[in-house]
Amino acid sequence: MSAPSMTLFHNPASPYVRKVMVLLHETAQLDRVALQHSQLSPVSPDAALNQDNPLGKIPALRLADGNVLYDSRVILDYLDQQHVGNPLIPREGPARWRRLTLAALADGIMDASVMIRYEVALRAPEKHWDQWLDAQRDKIRRALTVLEAEAIAELTSHFDVAAISVACALGYLDLRHSDLDWREANPQLAAWYFEVSQRASMLATMPKV
Ligand code: BEZ
């Protein structure tokens, strides 16, 4: 086995990083990437990461030639073009836009979930902006309702960019927002998630509390 040629700024709790890790597992590219742990929050940046990504966000992927890719969507697209198996992001046609739109919906769930996490975990309780927190939770609920009503068959059909993104978003809800009890209102999504959670890629990347 040759030495990894790329470096991924990584934190196991990040759902965005998890998407990249799941794709690396699914496409048998894990050995091409070294992981560099990044401990960060919006108010405690990672200086090494800032050198490579001025936005100070993970994941960022340093390539062999020194170029750095971010954000997770760009990294997924890049890595999906580096293997010989079936693409996990359709290259063209209506399927491409549909699967990327589902992935964007999942990313929106992650965005709202991570912002809630920062507000609740980093700010003093008396400073919490409750109206804003409720609006973020509503965003998550609306997105889950659409997935439950419209996307179960599509998610079941392929474990691709859409399914990986939704699975990682749900995994993050379990990690940080179990109080939302998302399974209660979304039983089909819960059943789908139970199945995909058994995949080796999902088991290997399961974040720990
Ligand atoms: C978390 O601990 O919830 C977290 C860590 C890194 C990125 C996003 C979230």
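From the list A153, A163, the one residue that fits, being more than 16 Å from the ligand (Cβ to nearest atom), without any contact (Cβ under 8 Å) to a residue 12 or more places away in the chain, not polar (S, T, N, Q) and not in a loop (DSSP other than H, G, I, E, B), is A153. All of (1) in the same structural domain as D174 (by TED's automatic domain parsing); (2) in contact with a helix residue (DSSP H, G or I) (Cβ under 9 Å, 6 or more places away or on another chain); (3) open to solvent by less than 80 Å² (accessible area, probe 1.4 Å); (4) away from the ligand (no atom under 16 Å from the Cβ) hold for A124 with one exception: (2). Residue count for segment 1-48 satisfying the condition of being acidic (D, E) and away from the ligand (no atom under 16 Å from the Cβ): 2. On inspection, A60 does not qualify as modelled with pLDDT under 95 and either more than 12 Å from the ligand (Cβ to nearest atom) or within 20 Å of V161 (Cβ to Cβ) (or both).
The values are calculated or read from the model by the stated rules, or taken from the named source; none is laboratory data. Since the structure is predicted, the reported quantities are computational estimates derived from the model, not experimental observations. A quick note on method: Cβ atoms are made from the backbone with ideal geometry, for glycine too, and the neighbour counts reach across all protein chains shown. We work out accessible area using only protein heavy atoms, side chains counted, and drop any ligands, DNA or RNA first. Shrake-Rupley method; radii C 1.70, N 1.55, O 1.52, S 1.80 Å.
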